[in-house]
Amino acid sequence: MEKTIALRVNGRAVTVTAMADTPLLYILRNDLALNGPKYGCGLGECGACTVILDGVAARSCVIPLAGAEGREVVTLEGLGSSSAPHPVQQAFIEEQAAQCGYCMNGMIMTAKALLDRNQNPTMDEVRRALSGNLCRCGTHVEILRAVMRAAQLLSSPGAHHDDQPNARPDARNAIPADADPCGADGGDRRPADR
Ligand code: FES
Ligand code: FES
């Protein structure tokens, strides 16, 4: 049975009517047009779908919509834009930390959650935080460098700290093209009968 559920996404209050067990990822992508989170495995194992849920990196493919009720969700679109990237996005651009870019959403959101709680992580801490995020292209070295650079950027005077400058559902205008170079949309693997 469908249910109407209220949550906040990128600083904006939204209500969604859907089956309560619909994965949050499907809601974000299909109902709210937020295509930053990607569908990778659908099993909570690859990290491509990572969002920040109440301040913690979380895998939206295995979180039911009901599990997000009343909570604060931040997607990639809640960070920066092409013209004003968030420091984490800027660092990934500067380190050229992408090949196909499919893992980038998860890497950036996981890094953001880490840097929110630890502004000066060691390389080991970064490695541990990202250990559950898979990159099939083997861009790990650049990604680790990017997170370390992001920490530097965030600690520099005048750093851009706005978390949610794009509190609107039009994701496609908000994803820095360099952070998602292939424009992969992750495929809409939502069950057709919903
Ligand atoms: S798609 Fe969610 S963890 Fe792989
Ligand atoms: S999966 Fe291609 S850059 Fe990570």
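If I stretch the segment between Ala13 and His140 completely, what's the gain in nm (0.36 nm per residue apart, minus their alpha carbon distance), one decimal?
Difference between extended and current length: 42.2 nm.
Set the Förster radius R0 to 41 Å, insert the Cβ-Cβ distance between Ser81 and Met1 as r into 1/(1 + (r/R0)^6), and round the FRET efficiency to 0.05.
Working: r = 38 Å, r/R0 = 0.93.
The value I calculate is 0.60.
Which whole number of Å³ per residue matches the convex hull of the alpha-carbon atoms in the stretch 52-102?
Convex hull of Cα atoms, per residue: 100 Å³.
Please report the base-10 log of the normalised intensity I(q)/I(0) for the stretch 1-75, using a Debye sum with one equal scatterer per alpha carbon and no solvent, at each q in 0.14, 0.19, 0.22 (1/Å).
Relative scattering, expressed as log10 I(q)/I(0), comes to -0.35, -0.67, -0.91.
Within the set of other residues whose C-beta is less than 13 Å from the C-beta of Ala66, count the net charge using Lys and Arg as +1 and Asp and Glu as -1.
Numbers: positive: Lys3, Arg71; negative: Glu2, Asp21, Glu69.
Local net charge: -1.
In nm, to one decimal, how far is the modelled label at Thr122 from the one at Glu94, with both set 7 Å along Cα→Cβ?
If labels sit at Thr122 and Glu94, their model points lie 2.4 nm apart.
Scale the Cα Rg of the stretch 75-149 by the rule-of-thumb value 2.2 N^0.38 Å and send over the ratio, two decimals.
Dividing the Cα radius of gyration by 2.2 N^0.38 Å gives 0.99.
Ranking request for peptides 5-13, 44-52: highest mean number of other beta-carbon atoms within 10 Å first, then the rest in descending order.
Output ranking for 5-13, 44-52: 44-52, 5-13.
Read the figures in this text as sums done on the coordinates, not as results from a lab. The structure presented is a predicted model; accordingly, all values stated were derived computationally and were not measured. Virtual Cβ from ideal backbone geometry, glycine too; neighbours counted across all protein chains shown.
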